[in-house]
Amino acid sequence: MRFTRTATAVAGAVLLVGGLATAAYASGNISPNVVDATQPTSNVTVNWSGITIPAGLSNIVVIQQCWKNDSGVFDQLNDCSQATGLNPPVGATGSGSQVFNVFNGDEQVNGSWGCGPLTSAGTPKADTCYVRLAPGNSTNTATDEFYPFTFGAPTNVPEVPMNILLPGSAAAVLGGAILIARRRHARMA
């Protein structure tokens, strides 16, 4: 019994501390992550926190729309639109927010790919596209991040970052373990 309570308490504490520690790492999201499939452009809000700019690079974050992410072969020049970049500054805390316009259709520079249902027939397209954040400059593929979005009926459900969910989950686990231990102790007495 003591082993079970101790193991539960240790696991809960690890989740709680680990969840709080995730705030030190870069994180972000876009909202909404489903954009209107009938419109040629839509605005999304890009939020980021914990961005660290690599030494020697500008204190900006480059935002681009891409039809691929870096989970496979990725070439920033060909897989991201060179026409959709924004370069907002990164705040002193590494946090920021920027409204970004994503397109639905052919890529605007060379048109060799597209995002969404308004892509021309015969042009390679992706139904899930990505907003890419690259700290410092557009060629930074070492610490860039990708946030997916799709096309459909838009929704505006805010996302909750994991560094908020994990501590709450850990507290629930610890609270449950304490409640069970108290009930068992009360039955034994």
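Read-outs: derived from the displayed coordinates by stated rules, not from any lab. Every value quoted in this text rests on a predicted model; they were computed, and no experiment measured them. Every residue, glycine as well, gets a Cβ built from its backbone with ideal geometry; the counts of neighbours run over all protein chains shown.
Just want to confirm a number: the relative contact order over the stretch 26-164, from Cα pairs under 8 angstrom separated by 6+ residues, in percent.
34 percent.
Report the full-extension gain for the segment Ala121 to Val73: residue separation times 0.36 nm, less the Cα-Cα distance, to one decimal in nm.
14.8 nm
Per q in 0.11, 0.13, 0.18, 0.20 1/Å, what log10 I(q)/I(0) does a Debye calculation on the alpha-carbon atoms of the stretch 26-164 return?
Ignoring solvent entirely, the Cα scatterers give -0.37, -0.52, -0.99, -1.20.
Compare the peptides 72-84, 104-116 by average per-residue count of other Cβ atoms within 10 angstrom and give them in order, highest first.
Peptide ranking by packing, descending: 104-116, 72-84.
Subtract the Cα-Cα distance of Arg183 and Thr139 from 0.36 nm times their separation in residues, and report this length gain in nm to one decimal.
That works out to 10.0 nm of additional length.
What does the charge dipole of the stretch 26-164 about its Cα centre add up to, to the nearest 20 debye, if the Cβ of each Lys and Arg holds +1 and the Cβ of each Asp and Glu holds -1?
Here the size comes out at about 140 debye.
Once the Cβ-Cβ distance between Val109 and Asn59 is put in as r, and R0 is 22 Å, what FRET efficiency do you end up with, to the nearest 0.05?
The calculated FRET efficiency here is 0.25.
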